[in-house]
Amino acid sequence: MLAAEATHAASGAFPLLTAMIVVPMVGAVAILFTQRSRPEFAKLLALLFSVTTGAMALWMLKEFDRSADGFQFVSEHPWIEDWGIGWHLGVDGISLFLVVLTAVLFPLAIVGIDPHHDEKPYLAWLLMLEAGVIGSFLSLDLFLFFLFFEIVLVPMYFLIGGWGYEKREYAATKFYLFTFLGSAFMLVSLIATAMLARQDLGYLTFDLVAIAEGSNFAASTGRWLFFGFAIAFAVKVPIFPLHTWLPDAHTQAPTAGSVVLAGVMLKLGTYGFLRFGLYLFPEASVWSRPLWLTLAVIGIIYGAIVATMQTDLKRLVAYSSIAHLGFIVLGTFAFTSQAISGSVLQMVNHGVSTGALFLLVGMIYERRKTRQISELNGLQKVAPIFAAGFMVVMLSSIGVPGLNGFIGEYLILLGSFQTARWWTVVATAGVILAALYLLWAYQRVFHGEPDEDNKTFPELRFKEGLVLIPFLVAIVFVGVYPKPLLDRIEPSVDRLLVHVADNTDIDIDPDYTSQRGEFEVEHGDEADHGEEAEHGDEAEHGDDAGDEEGEG
């Protein structure tokens, strides 16, 4: 692949995106050839290949043109020409920070978390998982995306089943069945999408950009195709009521598995809605908007209430993910630049904050061999530095101003209020509930006087501190100064919204600097427009529909 890409690339440019996928794959294979009697060689190789991938991602971030709204560092050449399948990779503002987060998170998970047995296959599966996740975020070919989307299932299945806890086989099987069955719907839809798009394009291709820009599906056809993709993404997010696999997978997964699952794997679903839902099927996305907004709000409230009832600290954090991801879905289907930019930013913020929470919960389990909240108390007395780190991460997850979680949720709520007012009002209760269950859990675990079992709880070790510092730096930096991220995210979001506006009845405010979108109310003939656009707020109809502006 690298040789073909180098030959194809203009002026001999280095195939950066291809290398970011191939390097961890090569690392996984190289680890298999190390001696089992020398596990330190396997870890050294895993760090070498994962750090190399991370370095390439950081260089990509440095060279990324923040003013451009299209795909950059594009790698494109034929792969299976007879079927119209190509090796097409690209990155824009929507996928940029998800790729960087993935490439940075894996080295931290490898160096900071040691498996209890069989380190060699464990590290090989982690590197294979990294390649699959990065490939999913970079793919601009439908078949290629499906290939990477499915690749990630296998390493995670074996990581949960091989290195998890008591009910690991049950959790691994449940995870695999849910996600695999959801992907079956997507496979049917993507094949049908390529076949039907051939009628408009004149040739068979699975290229995402070509199909999205050149095809014109009938309304009913596009809606069926959209739901095939949406089912797979809804399971991966997961959206209520397809969420039941997530708490079991998180609870039984090894710490590294939980960190990666919360940090980046769940984002394949929310990212998929943006990249392959709104972009490929804008009319169907707008038409089905009330459904996704309703399910998002239910997930926010349900996840928060159930999290409050949990007695297992890790399971509490797992249910909190359902609530936080509900906010991301809410912002995605608000169809304003502000809300979608907030959703993209919140994908990264959730990966940092919740990934750090799972890392800290794993440290607690390694010390006390329990995650039961009732068996943990007074830890702040014996480990104040550990408690301080946990508190910062917890407050970022709650959304306290000055930390990263606040910025994403604030943009989502502010942008969603313009077009999905009553859904947003209900969702705001989730912010209050998040403070309830996280602060209450912190109080029970860290406050009070430690009993005999908790008096010997070890303080944060130097190595653990080094792993935790990047999370804390990201939490504070984004919370105080999110502009560098938003400057790179917004142009691609605005471009996506223009594409949606050109193909639906949604109306976008031309002043992008205000990040305000407007959901235009159309009362046309159903034969021409399908069902009426969902009303986000009451609009005043004057002589010019372009002058309509929602309240708030």
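The values are calculated or read from the model by the stated rules, or taken from the named source; none is laboratory data. Because the structure is a prediction, the values reported are computed rather than measured. Heads up, the Cβs are rebuilt from the backbone with ideal geometry, glycines too, and the neighbour counts pull from every protein chain shown. Please note that ligands, DNA and RNA were not included when accessible areas were found on the heavy atoms of the full protein model with its side chains. Shrake-Rupley method; radii C 1.70, N 1.55, O 1.52, S 1.80 Å.
Descriptive notes on the structure:
- Hits in the stretch 436-479 (condition: aliphatic (A, V, I, L, M) and exposed (fewer than 13 other Cβ atoms within 10 Å of the Cβ)): Leu466, Ile469, Val473
- Residue count for the stretch 320-337 satisfying the condition of being hydroxyl-bearing (Ser, Thr, Tyr) and either without any contact (Cβ under 8 Å) to a residue 12 or more places away in the chain or under 11 Å from Thr354 (Cα atoms) (or both): 2.
- Residue list for the stretch 375-401, filter: among the small types (Gly, Ala, Ser), touching a helix residue (DSSP H, G or I) at 6+ places or on another chain (Cβ under 6 Å) and either at pLDDT below 90 or open to solvent by 30 Å² or more (accessible area, probe 1.4 Å) (or both): Gly399
Quick grid of which residues meet (1) within 18 Å of Pro282 (Cα to Cα); (2) open to solvent by less than 20 Å² (accessible area, probe 1.4 Å); (3) within 19 Å of the chain's Cα centre (by Cα); (4) hydrophobic (A, V, I, L, M, F, W, C):
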position: Phe145; (1), (2), (3), (4): no, yes, yes, yes
position: Val152; (1), (2), (3), (4): no, yes, yes, yes
position: Met156; (1), (2), (3), (4): no, yes, yes, yes
position: Arg168; (1), (2), (3), (4): no, no, no, no
position: Ala212; (1), (2), (3), (4): yes, yes, no, yes
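- Out of Thr205, Thr179, one residue alone is open to solvent by less than 10 Å² (accessible area, probe 1.4 Å) and either at negative phi or touching a residue at least 60 places away in the same chain (Cβ under 8 Å) (or both). It is Thr179.
- Taking the listed residues Thr294, Thr354, the one that is open to solvent by less than 10 Å² (accessible area, probe 1.4 Å) and either of a type in the set (S, T, N, Q) or touching a residue at least 24 places away in the same chain (Cβ under 8 Å) (or both) is Thr354, with no other qualifying.
- Test result for Thr424, crowded, with 24+ Cβ neighbours inside 10 Å, over 20 Å from the mean Cα position of the chain (by Cα) and at pLDDT 90 or above: yes
- Given (1) touching a strand residue (DSSP E or B) at 6+ places or on another chain (Cβ under 9 Å); (2) under 30 Å from Ile373 (Cα atoms); (3) crowded, with 24+ Cβ neighbours inside 10 Å, index of the condition Asp312 fails: (3)
- Of all the residues in the stretch 427-473, those that are among the hydroxyl-bearing types (Ser, Thr, Tyr) and not in a helix (DSSP H, G or I) number 1.
- The stretch 26-67, residues that are outside any helix (DSSP H, G or I), more than 24 Å from Asp114 (Cβ to Cβ) and free of Cβ contacts under 8 Å to residues at least 60 places away in the same chain: Asp65
- Residue that is small (Gly, Ala, Ser) and buried (at least 21 other Cβ atoms within 10 Å of the Cβ), where the choices are Gly70, Gly162, Gly86: Gly86
- Verdict on Leu274 being assigned to a helix (DSSP H, G or I), open to solvent by less than 40 Å² (accessible area, probe 1.4 Å) and either under 17 Å from Leu153 (Cα atoms) or basic (Lys, Arg) (or both): no
- Scanning the stretch 29-84 for residues that are closer than 21 Å to Pro15 by Cα and of a type in the set (Phe, Trp, Tyr) gives Phe49, Trp59, Phe64, Phe71, Phe73, Trp79.
- When restricted to residues that are under 19 Å from Leu436 (Cα atoms) and of a type in the set (A, V, I, L, M), the stretch 342-401 contains 13.
- For Leu127: the one exception among (1) surrounded by 24 or more Cβ atoms within 10 Å (Cβ to Cβ); (2) over 22 Å from the mean Cα position of the chain (by Cα): (2)
- Flag for Ser75 being part of a strand (DSSP E or B), among the hydroxyl-bearing types (Ser, Thr, Tyr) and in contact with a helix residue (DSSP H, G or I) (Cβ under 6 Å, 6 or more places away or on another chain): yes
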